[in-house]
Structures are given as C-alpha cells and as structure tokens.
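The structure appears right after this line, and notes come after that.
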C-alpha cells in the first residue's frame with residue numbers, strides 16, 4: 001500500500017497537474033492539495049472495504065423520469081441496487097465501499113485510477129457488473145472506455161479472469177508481487193501501449209460481442 005508521500009509522488013509523475021492546479025511559488029496550490037487528498041482518501045477506502053472486493057462496470061444512466069436509457073448498449077451495469085448492496089466508495093471516513101460513487105462533478109480519470117489502485121494494492125477480487133462486449137470495452141476516440149481501462153489495469157498488475165463463478169466473471173489476484181508493485185506511472189504506460197497496439201480488443205469476450 002502507498003503511504004501519503006508515495007501516493008502523491010507517483011500520482012504527480014503520472015498525471016502532472018491536469019485538473020488539480022499548478023505550481024505556485026514552487027508548491028502545490030491549495031486546490032491541488034485538496035484534490036490529491038481526495039484521491040488518496042478514495043484509494044484507502046477502496047483498499048479497506050469490508051467485503052474485500054470491488055465492482056467494475058458501465059454506469060446505468062437514467063433520464064429525468066428515472067427510466068434507464070442505455071441498457072440496450074451496456075446490457076447491464078452499475079445501478080442503484082449495486083450501490084445499495086455493495087456500498088459506495090467515497091472520500092472521508094464514511095466512504096468505505098465496493099462501488100465507486102463520487103458525484104459527477106468530482107469524477108476524474110485519475111480519481112477512478114486511484115480507486116482501482118487501492119483495490120489492486122489490497123489484492124481484492126474485482127467483480128464485473130457488465131458483459132465484456134465491444135461497446136463496453138472499446139471506444140473509438142480514447143481507445144477504451146473507463147471499464148476497458150480498469151480491466152487493462154487488472155490484467156497488467158497480476159490479475160486473472162475467472163469467468164464462471166457463482167456471481168459471474170471475477171478478476172482474482174494471482175501474482176501478488178505484480179499487484180503490490182503496481183504504480184500510476186506503469187498504468188499510464190500500459191494504457192498508451194494498449195491504445196497504440198490494439199491491446200484492448202484482447203479484453204473483449206468474443207462470445208458476447
């Protein structure tokens with residue numbers, strides 16, 4: 001597990017100051033400090049959740065009437081039932097849960113990576129809430145969806161897919177050393193390599209696409 005100094009150092013190397021402020025007189029600005037603290041809290045809360053498991057997948061979206069509007073595309077995914085049953089991961093002492101549940105205004109890719117990294121460093125199991133279809137993994141603009149990026153992180157850092165468990169597909173840590181050695185910098189490099197080399201297509205379950 002990262003301590004605060006290790007987390008901050010690797011985080012800054014991987015993401016710079018995009019979205020968190022910039023240097024001011026050689027020091028992090030207050031917004032940058034608050035944002036990194038926020039991400040570190042989410043990292044720790046993901047790592048220490050009581051179920052010792054996290055849930056990844058596409059978000060089920062609703063319109064103004066509460067009707068689900070993207071099920072045809074995602075198949076199924078993270079909805080209110082999952083947030084209730086597994087409890088959401090947020091910042092702060094009451095945010096220890098298994099499903100990332102921060103407000104849209106607080107969400108950034110680096111925050112999502114922090115949540116995932118907390119689970120990886122703790123070697124938690126990761127359950128899939130969505131099928132591994134092309135629509136759920138691949139993105140024509142960014143190379144991969146957030147779910148695709150998450151699954152790449154798992155396969156990069158010592159996780160193996162168990163496809164037929166009682167609760168569906170689950171990624172389990174089978175290489176403790178790789179999981180403990182995971183870094184944000186290595187995650188970014190793996191993403192860039194997969195995007196350039198078409199590596200995300202390997203994550204798709206061809207039987208569901």
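The values are calculated or read from the model by the stated rules, or taken from the named source; none is laboratory data. All values derive from a computational prediction rather than experimental measurement. Every residue, glycine among them, receives a Cβ derived from its backbone with ideal geometry; neighbour counts consider all protein chains shown.
Worth pointing out:
- Flag set for residue 154, criterion: at pLDDT 95 or above and either in contact with a helix residue (DSSP H, G or I) (Cβ under 8 Å, 6 or more places away or on another chain) or surrounded by fewer than 16 Cβ atoms within 10 Å (Cβ to Cβ) (or both).
- Of all residues in segment 3-41 being assigned to a loop (DSSP other than H, G, I, E, B), out of contact with any helix residue (DSSP H, G or I) (no Cβ under 7 Å at 6 or more places or on another chain) and on the phi < 0 side of the Ramachandran plot, the one that is modelled with the highest pLDDT: 3
- Boolean, residue 160 is without any contact (Cβ under 8 Å) to a residue 24 or more places away in the chain and part of a loop (DSSP other than H, G, I, E, B): no
- Top-ranked residue in segment 176-200 [being out of contact with any helix residue (DSSP H, G or I) (no Cβ under 8 Å at 6 or more places or on another chain) and either more than 25 Å from residue 16 (Cα to Cα) or touching a residue at least 40 places away in the same chain (Cβ under 8 Å) (or both); ranked as surrounded by the fewest Cβ atoms within 10 Å (Cβ to Cβ)]: 177
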